[in-house]
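Below you'll find the structure, written out as structure tokens, and then a few comments.
Nothing in this text is a laboratory measurement; each read-out follows from the coordinates by a stated rule. Remember, predicted model here, so these are calculated numbers, not experimental data. Note that each Cβ is placed from the backbone with ideal geometry, even for glycine, and that neighbours are counted across all protein chains shown.
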Amino acid sequence: MRNHTDTIPKCLVEYKGKSLLKRQLEIYENLQIDEVAIITGYKHLMLDKFLVKKFHNFEWDKSNMIHSLSFANKWLMRHDCIISYSDIFFEKSAITSIMKSTSDITILYDKNWKQLWEKRFENPLSDAETLKMDSKNKILEIGKKTNSFNNIEAQFMGIFKTKPSGWKEIIKVKRELSLNEYYKIDTTSIFQKIIEKDNLKIYGIEYKEIWGEVDTPSDLQIYNKNKI
């Protein structure tokens, strides 16, 4: 994000006059959700103004999403939890739909991802990852690089839900990793390892409304230009 994040964490980048984090919190706080928390890292003191529970990843500079989530372990071990990446925006229906799931792990996906990726990337396959499902929306493959659109039925949006049983499986797999992977493994990679072990099933729910991921300054320009 270049100078956009020199002085602020990415979640405070503004889209249409409102930070990505504030957009998400407004959705969560208007739903029947018991409690909301932020897992903090880079420039975490700037998030003190948000009056929600905070878990701080003091190893943020050498770790990835799954390791960050482990700092909220006491919640994830006890409760059904919805996790959303902090660099995305979406509509309320994204959360209301995934709230209803009873699966151990549930992901939200977009089947019309290609239209958005074609606006964001000269070659959409440079950033896209595989996602394959069966007729019941059980995830068969996720998170691999590919040179063919045939291997991508949808894209994972950065929103998922875990029951305690699902989180325990994530932690079990994480503990079996090498030291580097232990800190660096991303969400879709650990999902793929769970799929390969076949101890637990991961299911998907389709999302059809507006959303976006902010990875570069050009993403913001694209979303504003296309009135997303």
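Results, tabulated for the structure shown:
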{"read-out": "Spin-label pair S126/F55, simplified geometry with 7 Å Cα→Cβ offset, distance in nm", "value": "3.5"}
{"read-out": "Mean Cα-pair separation over length for segment 2-225, i.e. relative contact order, pairs under 8 Å, 6 or more apart, %", "value": "25"}
{"read-out": "Distance cut-off 20 Å, percentage of C-alpha pairs in segment 88-156 lying past it", "value": "34"}
{"read-out": "Globularity index of segment 2-225, i.e. its alpha-carbon radius of gyration over 2.2 N^0.38 Å", "value": "0.98"}
{"read-out": "Using θ = phi - 60° and Karplus 6.51 cos²θ - 1.76 cosθ + 1.60, couplings along segment 125-142 (whole Hz; Gly, Pro as x)", "value": "6, 5, 10, 5, 10, 5, 7, 10, 9, 8, 5, 9, 6, 6, 7, 9, 7, 7"}
{"read-out": "Calculated FRET value between E35 and S93, using beta carbons and R₀ = 22 Å, to 0.05", "value": "0.55"}
{"read-out": "Net charge, I66 excluded, C-beta distance under 14 Å - Lys, Arg +1, Asp, Glu -1", "value": "+2"}
{"read-out": "For segment 1-48: relative contact order, % (alpha-carbon pairs under 8 angstrom, 6 or more apart)", "value": "33"}
{"read-out": "Residues I171, I107 arranged by fewest to most Cβ contacts within 10 Å", "value": "I171, I107"}
{"read-out": "Cα gyration tensor shape for segment 134-222, rounded if a/c is under 1.5, else prolate or oblate", "value": "prolate"}
{"read-out": "Amide proton proximity set for H56, modelled H, under 5 Å, gap of 5+", "value": "T40"}
{"read-out": "Distance in nm between pseudo-label sites at S218 and R23 (7 Å out along the Cβ direction from Cα)", "value": "2.0"}
{"read-out": "Over segment 1-86 - Rg/Rh using Cα atoms and the Kirkwood inverse-distance radius", "value": "0.95"}
{"read-out": "Full-extension gain in nm, S178 to S148, via 0.36 nm per residue minus C-alpha separation", "value": "7.8 nm"}
{"read-out": "Net charge contributed by nearby residues that have their C-beta within less than 12 Å of K10 (K/R +1, D/E -1)", "value": "-4"}
{"read-out": "Value at 222 nm in deg cm²/dmol, rounded to 500, when DSSP H runs of n ≥ 4 in the chain each add -39,500 (n - 2.57)", "value": "-8500 deg cm²/dmol"}
{"read-out": "Karplus (6.51, -1.76, 1.60) ³J(HN,Hα), θ = phi - 60°, over segment 204-218, in Hz, Gly and Pro reported as x", "value": "x, 10, 7, 10, 10, 9, 6, 7, x, 10, 9, 10, 9, x, 5"}
{"read-out": "Filtered trypsin sites (Lys or Arg not before Pro), segment 49-78: DSSP coil and at most 12 other beta carbons within 10 Å", "value": "K49, R78"}
{"read-out": "Whichever lysines have a C-alpha closer than 16 Å to that of K22, once near sequence neighbours (fewer than 8 apart) are set aside", "value": "K10, K49, K53, K54, K92"}
